[in-house]
Amino acid sequence: MPRNRLAEGAGAFSQVRPSAKGPTMNDAGSLIENHEFVEDLCRYAEGILTEAAVKKKYHFDDAIWESLGSDEELIALVEAEKILRVRNGSTAR
């Protein structure tokens, strides 16, 4: 399994374990490397997905949802993905 900086202690959500239900914030190291998760956050930012849909899919409570906004590495990934989606036409599809 690839190593990541969050699992090594960097970022707001370190020292996490995988969940049997699928990716959740309890598995933040995997989530930050999960392209589908980053794309879902982009879709949320673009108004394609609702907050409720993202929270339900990843089993986030309100506290976790709020804390996502303070994770600088995640914010940078989402912003970069938003630019990529505009350039490759994914946003328009």
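Some notes on this structure:
- Checked against (1) in a helix (DSSP H, G or I); (2) at pLDDT 95 or above, TRP65 meets all criteria but (2).
- Being modelled with pLDDT under 90 and either surrounded by fewer than 17 Cβ atoms within 10 Å (Cβ to Cβ) or part of a loop (DSSP other than H, G, I, E, B) (or both) is a property that holds for GLY11.
- Residues located in segment 46-93, provided they are at positive phi and touching a helix residue (DSSP H, G or I) at 6+ places or on another chain (Cβ under 9 Å): HIS59
- Close pairs (7 angstrom Cβ cut-off, 6 or more residues apart or separate chains): in a helix (DSSP H, G or I) and modelled with pLDDT of 90 or more in segment 26-40, buried (at least 16 other Cβ atoms within 10 Å of the Cβ) and of a type in the set (A, V, I, L, M, F, W, C) anywhere: PHE37/LEU31; VAL38/LEU77; VAL38/VAL78; ASP40/LEU49; ASP40/VAL54
- Pairs meeting the criteria (first residue in segment 60-72 and closer than 16 Å to ALA45 by Cα, second residue surrounded by 10 or more Cβ atoms within 10 Å (Cβ to Cβ) and modelled with pLDDT of 90 or more, beta carbons under 9 Å, at least 6 apart or on different chains) are TRP65/GLU51; TRP65/VAL54; TRP65/LYS55; LEU68/LEU41; LEU68/PHE60; LEU68/LEU74; LEU68/ILE75; GLY69/ILE75.
- Restricting segment 44-56 to residues that are of a type in the set (D, E, K, R) and modelled with pLDDT of 95 or more leaves a set whose member that is surrounded by the most Cβ atoms within 10 Å (Cβ to Cβ) is LYS55.
- Just so you know, in segment 68-93 the residues that are outside any helix (DSSP H, G or I) and of a type outside the set (Val, Ile, Thr) include one that is modelled with the lowest pLDDT, and it is ARG93.
- Among the residues of segment 58-80, the ones that are over 17 Å from SER30 (Cα atoms) and under 11 Å from the mean Cα position of the chain (by Cα) come to 1 in all.
The values are calculated or read from the model by the stated rules, or taken from the named source; none is laboratory data. Everything quoted here is computed from the prediction, not taken from an experiment. FYI the Cβ positions are ideal-geometry reconstructions off the backbone, even for glycines, and counts take in every protein chain you see.
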